[in-house]
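Here is the structure we will look at, set down as structure tokens.
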Amino acid sequence: MKFWENDGPSLARRISLSLTHPTPSSTLYTVTQLRSTPLAWVGLTVALLFIWVRSFWVAGIIGAYGIYYAFTGRKRTSTLLVLPSLGVQLSTKPILIPIAHIRAAHLNEVVHGWKVIWVLVLVLQRPEGEEGETELVVVFEDIKPPLKVLVTVWKDLKLAIEDGASRNNQNTG
């Protein structure tokens, strides 16, 4: 699934979601963001300026730089590995979060500057004996994918949490 989102003038970003199954019961969600850099557009503008001044060889060098970085951009990747019987592994956290500690997964609206973005949040319940009751963990913290991507991941994650909770209740009861 590929998505386009426009953050402003000439800062379009491409976001793709890929699902793989490393094992039959686990799912790996990979969200990749390819964003064009603002310096690329500055390079293209300077190249046009040099064409106007009739310095074509400088315009060619700067224009080639601008075109390269405008279409390659910066690439960010964030992953979420869901193991229904064990837990959840985030690319931002180096530990496996046990499924028994995950109370719920929610889609929250966050005000960021002048716009509202959606984030997928895990509500963690700490084990007994530790201070504090709950903790919130943002799943794709760096990328901020659009709502369509988050809903797809949220539905599968919610099923995995419910399945893990029912297995824990069967084992204890």
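We did not get these values from a lab; they are worked out from the coordinates using the rules stated. This is a predicted model, so every value here is computed, not measured. Cβ sites come from the backbone with ideal geometry, for glycine too, and all protein chains shown count toward neighbours.
Summary of values
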read-out: Highest-first arrangement of 143-150, 23-30, where packing means the average Cβ count within 10 Å; value: 143-150, 23-30
read-out: Residues with amide H under 5 Å from that of residue 102, placed H, sequence gap 5 or more; value: 125
